[in-house]
1. Please count how many residues of the stretch 419-438 are farther than 15 Å from I142 by Cβ, assigned to a helix (DSSP H, G or I) and out of contact with any helix residue (DSSP H, G or I) (no Cβ under 6 Å at 6 or more places or on another chain).
2. Which residue out of L351, L338, L396 is outside any helix (DSSP H, G or I) and under 29 Å from R433 (Cα atoms)?
3. Within the stretch 301-348, can you find the residues that are under 22 Å from R261 (Cβ atoms), among the polar types (S, T, N, Q) and in contact (Cβ under 8 Å) with a residue 12 or more places away in the chain?
4. Can you tell me which residues in the stretch 54-70 are aliphatic (A, V, I, L, M) and either outside any helix (DSSP H, G or I) or under 15 Å from K32 (Cβ atoms) (or both)?
5. Just name the residue that is nearest to I405 (Cα to Cα) out of those in the stretch 333-364 that are surrounded by 17 or more Cβ atoms within 10 Å (Cβ to Cβ) and of a type in the set (A, V, I, L, M).
6. What are the residue pairs meeting all of these: first residue in the stretch 349-371, first residue over 16 Å from R300 (Cα atoms), second residue among the acidic types (D, E) and modelled with pLDDT under 95, Cβ atoms under 9 Å, and 6 or more apart or on different chains?
7. Limited to the stretch 399-417, what total is found for residues that are surrounded by 12 or more Cβ atoms within 10 Å (Cβ to Cβ) and over 22 Å from the mean Cα position of the chain (by Cα)?
Amino acid sequence: MVTMMPRSPAVLAAVVLSVSLFAQDPSSPDPKERVRAARQLAEQGSTAIPVLARLLKDPEYRVRLQAVKSIVKIGTQHSIAPLVEATKDPDPEIQIRAIDGLVNFYLPGYVTSGWFGSIKKTGTAIKGMFTDTNDAVIRPDIRVRPEVIEALGKLARGGASMKVRANAARALGILRGRAAVPDLIEAIKTTKNSEVIYEALIALQKIRDQSAAPEIVFLLRDLDDRVQIAAIETVGLLQYHKALPQLYDVLANARNKKIRRAALTAIAMLPDEKSRPYYDQYITDKDPLMRAAAAEGYGRLKNPADLRMLQTYFDSEKKMNPRLSLAFALVMLGRTDLGEFTPLQYLIHTLNSASFRGVAEPFLVELARERRVRESLYKALDGASRDEKIGIARVLARSGGEDSIPHLERLVRDPDNEVSTEAATALRILRARLGSGR
């Protein structure tokens, strides 16, 4: 009689692992077995990448699809090369998953919270959820491999479907793919698909390459409202002053209030005394967002003669958006003093508001390009709240100078961990920006 000795947990684990590994047969003639193998290989991490990369060339679509899923799941730097290769696959869903996997490496969590998470596949039709909420972008100090941008650029102008092209354009914006600007322009000009055009325009807004502006002026009269508004916003953000005559015409003939608001906001981004009549017309408009745009326009004209008028409107304005715009205008005209009711303090206090910090922070970014404003922000740090310190750190990351470094270093030592972490990131971004001369 043979007595069976009890096995230790370690031995049992080794047996289970060996059985599991034995079950993986990526070279099996059975496609189902190869799919199963591709799925199991994800658990091995980066060591499985070479095998998964070979499975990307499998003749069976299901195997290639599972291989790209597993590579995305592994998600290390070793995943980048095979994902770039997967962008060349003829299947739209595989291309989309490769795109999202590449973005996910630089922006962790993207595959579950971004476009990828809404994919539904029925046969060869892929449905994605493209929304107007598209503000994701990597930090300025993150550098993306050139081959990634090149691969995404090719898909933006020639992916396997319009969903692929739109998704690639979105990815280029998130990754700030400046080298792919010509691809985005080609994508815009070689399709009538509104989804592709819209995503390419938003990408150009994020990349901020001013050379792209002349190429999109023809879209200022597009019949798709969302495309037209995005084009209007883009020429404003890219500071294309030659578009002013067309923007005046769009404002005068706008089909609806959203287009009218976008047109006046873009005009306000392009300071020119010829625009003053439009600000005069709309500063008392019943639409608060038109009043806000007019106030911003006055501010960027930087005419001291407007100071008293803007102060009067600021003191009497009840709506948040135009009041923030009036505060911005007043600081533009020199009101950099701090105090309970001053316009600059009002903008800083608004950093505490979850609903409006997204309005106040960009205003402060623009204002902080001037050192006198930064000097006031430094003073405001004394006694500032957590949200105010975090907001000011973000502002200095984008608009600070060498003079900002000691103040961010002080915030790095802040006892609040959230503040110190944000300040450390801001300091890293600022030094990278100053080092590159941007």
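The values are calculated or read from the model by the stated rules, or taken from the named source; none is laboratory data. Predicted model, so just to flag it, every value in this text is computed and none were measured. Cβ sites come from the backbone with ideal geometry, for glycine too, and all protein chains shown count toward neighbours.
1. 2
2. Result of the check over L351, L338, L396: L338.
3. Listed by number, the residues that qualify are N321, S325.
4. Matches in the stretch 54-70: L55, L56, V63, L65, A67.
5. Restricting to residues being surrounded by 17 or more Cβ atoms within 10 Å (Cβ to Cβ) and of a type in the set (A, V, I, L, M), the top hit is L364.
6. So the pair list comes out as G358/D135.
7. Selection size over the stretch 399-417: 12.
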